[in-house]
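The values are calculated or read from the model by the stated rules, or taken from the named source; none is laboratory data. Note that this is a predicted model, so its numbers are computed, not measured. All Cβ positions, glycine included, derive from the backbone under ideal geometry; neighbour counts span all protein chains shown.
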Amino acid sequence: MSRSFTIAAAQLGPIARDEPRRAVVARMIALLDRAAAADCRFVVFPEMALTTFFPRWHLTDPAEVFSYFEESMPGPETQPLFEAARARGIGFYLGYCEAVAGRTGADHLGFNSSILVDPDGRIVSRYRKVHLPGNAVPDDTLKLQHLEPWYFIDGDLGFPVADTLSGRVGMLLCNDRRWPEAWRMLGLQGAELVCLGYNSPSQLPDNPRQNPLRKMHHLMPMQAAAYQNGLWIVAAAKAGMEEGCHMMGHSCVIAPSGEVVALSSGDGDELLPYRIDLDATAEYKRFFDFATYRRPNAYGLLTEPH
Ligand code: CDV
């Protein structure tokens, strides 16, 4: 199978608090139609792609919190997405909230997860977000809450890499992209492509000095990570004004050179196809040649708690 193929970031515009899964899945299938027309083999959907980004609120009704989680994947409402992708011969990355059986209450009901589904419709890998940003307990004095450590359990699967799409493919979720350790864990396993979905507000009302830097702080760590680990990155946003919070778009494809080779232009549902060649990773992997040049003996602090 060729190691050169077309892949796409499938950016989603805002999802309303009361928007049913069925409607969101229909939007995703429309993006799959566009992906099929662009001859894509794989598409990357955002983090928490099936619902609104609820961790921006301190929700106290357990039933509402539970409604944002999936008890099975695929489940009755996501099965049509799997079928549509398989019928078109397209694999996908999907971010969603994974419920853990037996949990009750309004907090720690499960994981912020993603899966890789191959073009035959098989789930080949699962990731649970490691870097959960924001507050571990609600703080109603903040202008914008971000309660991932309150709603989710810390990811416990490490940083898996799957042999699929004729290469080695890893996954990350949103805030992970700002952590070099996450990328290195994937680079050390030979990842050639990393898929990442995100929900990032355009403005940080509690840290307004960072607002003009938001785009740079989004792209810069990924450009460095692509170059330093010799891998492709496809990152898909939830974009636009979602329930009063503007989510940054800027879905992108980043080459192993560190160059941003494709960037989304709008705030809505948008497909960003780009032809990648996994063999283009080789010259960068050769340059950094981890086995020869890394000095793990000098890096002890990296794995020590501080
Ligand atoms: N979903 C995220 O992980 N969002 C964070 C926010 C809190 C800044 C991000 O790193 O984009």
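List of remarks:
- Strands (runs of 3 or more DSSP E) contained in segment 107-175 and holding at least 1 residues within 16 Å of the ligand (Cβ to nearest atom) and of a type outside the set (Gly, Ala, Ser): 110-117, 123-128, 167-173
- The residue of segment 83-99 that is nearest to ASP154 (Cα to Cα), among those that are within 20 Å of the chain's Cα centre (by Cα) and more than 16 Å from the ligand (Cβ to nearest atom), is ALA99.
- Against the numbered list (1) at pLDDT below 95; (2) within 16 Å of the ligand (Cβ to nearest atom), SER200 comes up short only at (1).
Quick grid of which residues meet (1) touching a helix residue (DSSP H, G or I) at 6+ places or on another chain (Cβ under 7 Å); (2) buried (at least 20 other Cβ atoms within 10 Å of the Cβ):
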position	(1), (2)
CYS97	no, yes
ALA101	no, no
ASN112	yes, yes
ASP118	no, yes
GLY121	yes, no
SER125	no, yes
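- Residue in segment 195-211 that is in a helix (DSSP H, G or I) and under 20 Å from MET48 (Cα atoms) present: no
- So SER166, is it closer than 30 Å to GLY105 by Cβ and at pLDDT 95 or above: no
Okay, residues lined up against (1) crowded, with 21+ Cβ neighbours inside 10 Å; (2) closer than 25 Å to ARG126 by Cβ:
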site	(1), (2)
GLY170	yes, yes
CYS174	yes, yes
PRO180	no, yes
ARG184	no, yes
LEU193	yes, yes
ASN211	no, no
PRO221	no, yes
ASN229	yes, yes
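- Within segment 290-303, the set of residues being of a type outside the set (A, V, I, L, M, F, W, C) and at pLDDT 95 or above comprises THR292, TYR293, ARG294, ARG295, PRO296, ASN297, TYR299, GLY300.
- Scanning segment 131-166 for residues that are touching a residue at least 60 places away in the same chain (Cβ under 8 Å), more than 24 Å from MET247 (Cα to Cα) and of a type in the set (A, V, I, L, M, F, W, C) turns up just one, LEU165.
- Tally of residues being out of contact with any helix residue (DSSP H, G or I) (no Cβ under 6 Å at 6 or more places or on another chain) and within 25 Å of ILE29 (Cα to Cα) across segment 262-280: 13
- Residues that are in a strand (DSSP E or B) and of a type in the set (A, V, I, L, M), drawn from segment 216-257: ILE233, VAL234, ALA235, ALA236, ALA237, MET241, MET247, VAL253, ILE254
- Scanning segment 272-289 for any residue that is closer than 29 Å to ARG17 by Cα, modelled with pLDDT of 95 or more, among the aromatic types (Phe, Trp, Tyr) and assigned to a strand (DSSP E or B) turns up nothing.
- Hits in segment 176-197 - residues which are near the ligand (Cβ under 10 Å from one of its atoms) and either over 15 Å from the mean Cα position of the chain (by Cα) or among the hydrophobic types (A, V, I, L, M, F, W, C) (or both): TRP179
- Flag if ALA87 is surrounded by fewer than 21 Cβ atoms within 10 Å (Cβ to Cβ), among the small types (Gly, Ala, Ser) and under 30 Å from ALA37 (Cβ atoms): yes
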